[in-house]
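S.K.: Handing you this structure, nothing more for now.
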Amino acid sequence: MRPVALDPRPIDVLAPVLDGDDLHRLADALDRLRQLLAGRRMWHVNSTATGGGVAETLAGLLPYATGEGVDARWLVVESDPAFYEVTKRIHNRLHDDPGDRGPLGEAERATYERALDHECGRLLAAVAPGDVVVLHDPQAAGLAGPLKAHGAHVVWRCHVGRDRAGRLARTAWDFLRPDVARADICVFTRSQYAWDRLAPECVVVLAPCIDVASPKNEPLDDARRDAILDAAGIVPGPGSDLPLRRATVTEEEPVPPGARLAVQVSRWDRLKDPVGLIRAFALHGPVDDDAHLLVVGPAVDGVSDDPEGAGALAEACDAWRDLAPSARRRIHLVCVPMDDPEENALVINAVQRRADVVVQKSLAE
């Protein structure tokens, strides 16, 4: 179990995008949270500090709470590849996708519980009875029971789901239900994602949100955007002395500076269908030499809880190599380093601002 540092951030930085009434309501909400905690701590537990929407959300939003005096902490579960293989299987099934087609039986349950039992001692040593603990997604759900027995208030936050859950999704529900049922509150992003057989009074729907003041969302003029892309080695420009880590780019030749760009940004995951996107652009996209596709994701060694990332990237590279040279020349696969989350966010910001078309070819999510 690893702590993640949170640097307090004043909500005043949101003043340029919130009007006075909204800013006042936000301050009141955080003040109410501080009063409700009454000196207790609020813990968030997930499975990675970088890569993916949960880590990005926690890194962006928790500093506002700490900046207003809320004692918020962030812990990351650390485990072995076998645990992440099981939790990735659960993740895929929650989307009604077979994933690696492996089972979720007694052996997988033993792997899951053994990994979390190893983490639980350190967690319980940090959490005091009466503290509030928010567990995120399947990787942390198995901690609900021990935390409740310890006297903590437990919230389970499920960030994924399907509008119409099929057989595979329900096998994931059955796997997790003994743990999830121990939580005081279960939070889903859409009412359609809420599981059946959970007590209705324990289900809360909370839409996702982003940090509008993060480096990924800050305004960039064209000159700075192009300098970032040049320094990151993604789109050559007139030259840049910005000290940015360079992306790893699979390509025949660099993107022409004035090219029109279609861009997808996502983790390397079969549910995001990078292979389908590559083939669709090659077969049905514009054939002009100045029309290019950028498929952009994180460096796969920077996302610790996704054992399928490297395989999904390899499949995308194989699909790219199978293309005719004329198509391959106009498609670029980009892996952006994750060493510095703020730097990564700034590069992604520049990539998306440079896009003429932003694509999201998800099969789920």
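S.K.: Take the range 307-321 and flag every residue that is out of contact with any strand residue (DSSP E or B) (no Cβ under 9 Å at 6 or more places or on another chain) and within 18 Å of Pro337 (Cβ to Cβ).
M.R.: Ala310
S.K.: I've got another one for you. Looking only at the range 52-84, which residues are among the hydrophobic types (A, V, I, L, M, F, W, C), in a helix (DSSP H, G or I) and touching a helix residue (DSSP H, G or I) at 6+ places or on another chain (Cβ under 9 Å)? First the steps, then the outcome.
M.R.: If we filter the range 52-84 for residues that are among the hydrophobic types (A, V, I, L, M, F, W, C), which is where we start, we get 54-55, 58-59, 61-62, 65, 70, 72, 74-77, 82-83.
If we keep only those that are in a helix (DSSP H, G or I) as well, we get 54-55, 58-59, 61-62, 65, 82-83.
Residues satisfying the conditions are Val54, Ala55, Ala59, Ala65, Ala82, Phe83.
S.K.: Also, I was wondering about something else. Is it true that some residue in the range 87-105 is under 17 Å from Asn46 (Cα atoms) and β-branched (Val, Ile, Thr)?
M.R.: Yes, the range 87-105 contains at least one residue that is under 17 Å from Asn46 (Cα atoms) and β-branched (Val, Ile, Thr).
S.K.: Residues of the range 6-16 being open to solvent by less than 90 Å² (accessible area, probe 1.4 Å) and closer than 18 Å to Thr48 by Cα, which ones?
M.R.: Scanning the range 6-16 gives a single hit, Leu6.
S.K.: Also, I was wondering about something else. Can you confirm whether the range 39-51 contains a residue that is open to solvent by 50 Å² or more (accessible area, probe 1.4 Å) and part of a helix (DSSP H, G or I)? Explain how you work it out, then say what you get.
M.R.: Quick first cut of the range 39-51, residues open to solvent by 50 Å² or more (accessible area, probe 1.4 Å) only: 39-41.
Now narrow it down to the ones that are part of a helix (DSSP H, G or I): none.
No.
S.K.: Looking at the range 149-177 only, could you name the residues that are over 16 Å from Gln139 (Cβ atoms) and open to solvent by 50 Å² or more (accessible area, probe 1.4 Å)?
M.R.: Ala149, His150, His153, Arg162, Asp163, Arg164, Arg167, Arg170, Asp174
S.K.: Of all the residues that make up the range 3-17, how many are outside any helix (DSSP H, G or I), modelled with pLDDT of 95 or more and more than 30 Å from Leu124 (Cβ to Cβ)?
M.R.: So the count comes out to 1.
S.K.: Still on this structure, please answer the following. Being on the phi > 0 side of the Ramachandran plot and free of Cβ contacts under 8 Å to residues at least 24 places away in the same chain, is that true of even one residue in the range 115-132? Explain how you work it out, then say what you get.
M.R.: The first filter runs over the range 115-132 and keeps only residues on the phi > 0 side of the Ramachandran plot, leaving 130.
In the following step, the residues that additionally are free of Cβ contacts under 8 Å to residues at least 24 places away in the same chain were identified as none.
No: the range 115-132 contains no residue that is on the phi > 0 side of the Ramachandran plot and free of Cβ contacts under 8 Å to residues at least 24 places away in the same chain.
S.K.: With respect to the numbered conditions (1) open to solvent by 20 Å² or more (accessible area, probe 1.4 Å); (2) under 22 Å from Lys148 (Cβ atoms); (3) of a type in the set (Ser, Thr, Tyr); (4) at pLDDT 95 or above, which one is the sole condition not fulfilled by Thr87?
M.R.: In the conditions (1) open to solvent by 20 Å² or more (accessible area, probe 1.4 Å); (2) under 22 Å from Lys148 (Cβ atoms); (3) of a type in the set (Ser, Thr, Tyr); (4) at pLDDT 95 or above, Thr87 misses (1) alone.
S.K.: For the range 192-222: of the residues being over 30 Å from Leu176 (Cα atoms) and modelled with pLDDT of 95 or more, which is surrounded by the most Cβ atoms within 10 Å (Cβ to Cβ)?
M.R.: Leu220
S.K.: For the range 301-329, which positions are exposed (fewer than 14 other Cβ atoms within 10 Å of the Cβ), free of Cβ contacts under 8 Å to residues at least 60 places away in the same chain and part of a helix (DSSP H, G or I)?
M.R.: Asp301, Ala310, Ala314, Asp318, Arg321, Ser326, listed by residue number.
S.K.: For the range 260-277, state whether one or more residues are farther than 11 Å from Lys361 by Cα, among the aliphatic types (A, V, I, L, M) and at pLDDT 95 or above.
M.R.: Yes, the range 260-277 contains a residue that is farther than 11 Å from Lys361 by Cα, among the aliphatic types (A, V, I, L, M) and at pLDDT 95 or above.
S.K.: Name the single residue that is least open to solvent (accessible area, probe 1.4 Å) among those in the range 236-266 being farther than 18 Å from Ala355 by Cβ and of a type in the set (Lys, Arg).
M.R.: Of the residues in the range 236-266, the ones farther than 18 Å from Ala355 by Cβ are 238-246, 248, 250, 252-253.
Keeping just the survivors that are of a type in the set (Lys, Arg) gives 245-246.
Details: Arg245: 104, Arg246: 151 Å².
It comes out as Arg245.
S.K.: Taking the conditions exactly as written (closer than 28 Å to Glu85 by Cα, touching a Phe, Trp or Tyr at 6+ places or on another chain (Cβ under 9 Å) and modelled with pLDDT of 95 or more), does Val154 satisfy them or not? Working first, answer last.
M.R.: Values: closer than 28 Å to Glu85 by Cα: yes; touching a Phe, Trp or Tyr at 6+ places or on another chain (Cβ under 9 Å): no; modelled with pLDDT of 95 or more: yes.
No: the conditions fail for Val154.
The values are calculated or read from the model by the stated rules, or taken from the named source; none is laboratory data. As the structure is a prediction and not an experimental result, all values here were calculated from the model. FYI the Cβ positions are ideal-geometry reconstructions off the backbone, even for glycines, and counts take in every protein chain you see. These accessible areas exclude ligands, DNA and RNA; they are computed on the full protein's heavy atoms, side chains included. Shrake-Rupley method; radii C 1.70, N 1.55, O 1.52, S 1.80 Å.
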